[in-house]
Amino acid sequence: MDELLDAAVVARLGRVLCQLGVEPDNVRHASRAVDGRKLRRRVDVVRDALLTDLPSDYDGTAAIVRAAFEDESFTGWMLWPVSEAVVARALASGHDRDFDDAMDVLALLTTRFTSEFAIRAMLDARLARALEIARRWTGDDDANVRRLASEGTRPHMQWGKGVPALRRQPGITRPIVDALYRDEAELVRRSVANHVNDLSRDDPDLAAEIVAGWLEQPDGNSPRVARHALRTLVKQGHPKALELLGYTGAQFDVDGPVIVPREVPLGGAVHFTARITNTGPETARAVIDFVLHFQKLRGSLAPKVFKIATRTIAPGETVDIAKSYSFRPRTTRTFHLGEHVIELQVNGRASGRAAFRLVALEEMP
């Protein structure tokens, strides 16, 4: 991900500015300075260079950005630092007109690259005003702008500036997600689901309440949106979330997990089986997950929930489960040798637990 804003991208940004009469000395320097840095820091370096090269007033900066938009090569990852430079100028000016105009510029830029990161500073500075404008975006003709209304106002966002007020007032963005859950565009509906999944971290009951409202006035996509929005609550066994998605039954006998072999080489996979029996009097709709408790660097365990299957199980019926997890190298997780634990989970309730050891390949017999 760090390479998405590389020297070549920044150099192209400099050429666009040069064609508009801007001397991009600092942007040229930034193109040589981004290598070896993390993505977030690269954005900051280029943004600061832009603020030096562009006009010092908001109007001048906004005019250059709008003019650059006429160039089709002004697109992609170079727009992230550009959007943040626009926001910095607007907030520095302190004028209402500049604030509103900067929001318009973000809506323009998001049609070529998301402005979801830059808008965070606007929300943090003037939450009520920014949300008022974002609510208007829910009726925009462009799906990318409608998505920005939802995505940019999420309570939690990787790489995005924190907005503490959004977490303190989790219901404040409800008008936005309620306006968009039946949107015609999949990218908008998915953002709405992720937004409500974020809300579930701060106010689980509110998230379930929002989805309950959607399901009272659904369209053909609403069940899928609801499942995605409630995925974390389902894993946590939230009663209302389980009820909304039709997961019924709380009486299960779990035999397992059975792990064979109990020593797994780094780069290999752990394999396990289990048998789940519905011991209740009625047919159950069960979501079956497993929790893998990863060994951490200092010896503690960190749980992560993974989906196995959804099954309809008649009274007295038994279903067999077979699953594996690969410990092949990946950039998103560092594996540590030592004891790990697998735990089964049916409709959010933990049952069954077994340990295995992750070992170096040379330790295997």
Check: Is at least one residue of the range 273-284 at pLDDT below 95, closer than 19 Å to Lys304 by Cα and not in a loop (DSSP other than H, G, I, E, B)?
Finding: no
Margin query: Testing Ile342 on (1) surrounded by fewer than 17 Cβ atoms within 10 Å (Cβ to Cβ); (2) touching a residue at least 40 places away in the same chain (Cβ under 8 Å); (3) of a type outside the set (Gly, Ala, Ser), one condition comes back false. Which one is that?
Written below: (1)
Note to self: Scan the range 33-53 and tell me whether some residue there is farther than 28 Å from His95 by Cβ, under 29 Å from the mean Cα position of the chain (by Cα) and at pLDDT 95 or above.
What the structure shows: no
Notebook entry, point to check: Somewhere in the range 329-337, is a residue in a strand (DSSP E or B) and surrounded by 13 or more Cβ atoms within 10 Å (Cβ to Cβ)?
Noted result: no
Notebook entry, point to check: Can you tell me which residues in the range 104-137 are within 17 Å of Arg168 (Cα to Cα) and touching a Pro at 6+ places or on another chain (Cβ under 9 Å)?
Noted result: Asp124, Leu131
Notebook entry, point to check: Taking the range 285-304, which residues are hydrophobic (A, V, I, L, M, F, W, C) and either in contact (Cβ under 8 Å) with a residue 40 or more places away in the chain or part of a strand (DSSP E or B) (or both)?
Noted result: Ala286, Val287, Ile288, Phe290, Val291, Leu292, Phe294, Leu301, Ala302
Next item on the list: Give the residue that is nearest to Ala118 (Cα to Cα), with candidates limited to residues of the range 1-32 that are of a type in the set (D, E, K, R) and modelled with pLDDT of 90 or more.
Entry: Arg12
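Every residue, every condition in (1) of a type in the set (Phe, Trp, Tyr); (2) surrounded by 15 or more Cβ atoms within 10 Å (Cβ to Cβ); (3) farther than 30 Å from His336 by Cα; (4) outside the structural domain of Ile308 (by TED's automatic domain parsing), yes or no:
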residue	(1), (2), (3), (4)
Arg227	no, yes, yes, yes
Lys235	no, yes, no, yes
Lys240	no, yes, yes, yes
Val260	no, no, no, no
Item checked: Qualifying residue in the range 247-262 (condition: of a type in the set (Gly, Ala, Ser), under 28 Å from the mean Cα position of the chain (by Cα) and closer than 13 Å to Asn347 by Cβ) -> no
Note to self: If I filter the range 316-326 down to residues being touching a strand residue (DSSP E or B) at 6+ places or on another chain (Cβ under 6 Å) and either among the hydrophobic types (A, V, I, L, M, F, W, C) or assigned to a loop (DSSP other than H, G, I, E, B) (or both), which single residue comes out as farthest from Pro257 (Cα to Cα)?
What the structure shows: Glu317
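The values are calculated or read from the model by the stated rules, or taken from the named source; none is laboratory data. Please read all numbers here as calculations on a predicted model, not as lab measurements. Neighbour counts run over all protein chains shown; Cβ positions are idealised from the backbone, glycine included.
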